[in-house]
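The values are calculated or read from the model by the stated rules, or taken from the named source; none is laboratory data. These numbers come from a predicted model, not from an experiment. Don't worry about glycine lacking a Cβ; one is built from the backbone with ideal geometry, like all the others, and counts go over all protein chains shown.
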Amino acid sequence: MKKNQLTERFQAINGFDLNLLTVFEAVFIYGSVTQAAKQLHITPSAVSQALNRLRGYFSDPLFIRHGSHLEPSTLAYSIHEELYEAYDILLAKFQGLHVYSKKQLVINCSPFLSTLILGNIFNIITNSEPTCRLIHSINDNSTTTIDDLLTYRKADIAFDIHAHNSSTRESKLLCSDQSVLICSSSHPRIGDFLTAEQASKESFTLLDSDNSDVIGWQKKIDEALGRARNIGFVSPSSFSIVSVIEHSELIGFIPLSLYNKIEKTSAIRKIETDLPHPEINIYMIYNKSALHNKFFANVVEQILMSF
């Protein structure tokens, strides 16, 4: 863009505070002043003041309260549709100046997924850029948490068992994993094979997740049992589930790759069964606009090639 064109656009905004757009997007996404304030690390009062300024500028209420939720007005939807993609690119480019100049990447995934992929990814990244520092953050098996992390650039890449496709986000399937049914090595009732009828009399562990694929598989298992399972323990962590199973009479499904890693060091054993075995897909998720950075684009390409 030519210098005089940029000058004209400065004049066109007529003193408008562009920081208000960040507040607008946060309120649009969360539908809550309190949640927007929490994500932006400012006070709810500051968010409310910013909204009042936006309402005055656009001569529109923008967000209308319905119960505890703020619903966008028609104009607010239009503003979001017009600005979101450009704003996302701006954030990504700013992130490129601030983060990638330091050669630092934040990878978000569950403890279980970290055992499968982080070793390879560390080697890929350090081979591409030896001075890069890799930071691992952990999620709670919530699709909302991962979306928030990417939206607000708290993570560069997330790995999840659920795809997160949108106009600004890319999800790439890296690999798939099977699951196995396990019990403690000293379980008093269960032999090498467990029928659906026998399983219906046992108590299960349950992986706590809002992932639609996980929920779908859980329903298939209940259908095969002919009833809802008796659930004795719920956790978002496969490692916690293994720990409880090896010290109890509960049974449950865990990823095959995890079982292969720990079968010789944990007091558990695999059970053959006619119950459906959940399949686990592992996705790499990132913001499309981040690919404008050559270092990041190269890292993504190398990861996809390696898997």
**Complete:** Residues in the stretch 138-154 that are in a helix (DSSP H, G or I) and loosely packed, with under 14 Cβ neighbours inside 10 Å total 1
**Request:** Please find, among D147, D160, the residue that is in contact with a helix residue (DSSP H, G or I) (Cβ under 8 Å, 6 or more places away or on another chain) and either under 21 Å from S289 (Cβ atoms) or of a type in the set (S, T, N, Q) (or both).
**Result:** D160
**Asked** Do any helices (runs of 4 or more DSSP H) entirely within the stretch 1-112 hold 1 or more residues that are modelled with pLDDT of 85 or more, and if so, which?
**Response** 19-30, 33-40, 44-58, 74-98
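Yes/no matrix, rows are residues, columns are (1) without any contact (Cβ under 8 Å) to a residue 60 or more places away in the chain; (2) outside the structural domain of H164 (by TED's automatic domain parsing); (3) loosely packed, with under 15 Cβ neighbours inside 10 Å:
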{"residue": "W217", "(1), (2), (3)": "no, yes, no"}
{"residue": "R229", "(1), (2), (3)": "yes, yes, no"}
{"residue": "G252", "(1), (2), (3)": "no, yes, no"}
{"residue": "T273", "(1), (2), (3)": "no, yes, no"}
{"residue": "N287", "(1), (2), (3)": "no, no, no"}
{"residue": "H292", "(1), (2), (3)": "no, no, yes"}
**Request:** Confirm whether S171 is modelled with pLDDT of 80 or more and of a type in the set (S, T, Y).
**Result:** yes
**Asked** V242 passes all but one of (1) surrounded by fewer than 14 Cβ atoms within 10 Å (Cβ to Cβ); (2) at pLDDT 95 or above; (3) under 30 Å from A155 (Cα atoms); which number fails?
**Response** (1)
**Message:** Out of I125, I135, I need the residue that is surrounded by 16 or more Cβ atoms within 10 Å (Cβ to Cβ), under 22 Å from the mean Cα position of the chain (by Cα), outside the structural domain of I241 (by TED's automatic domain parsing) and at pLDDT 80 or above. Which one?
**Reply:** I125
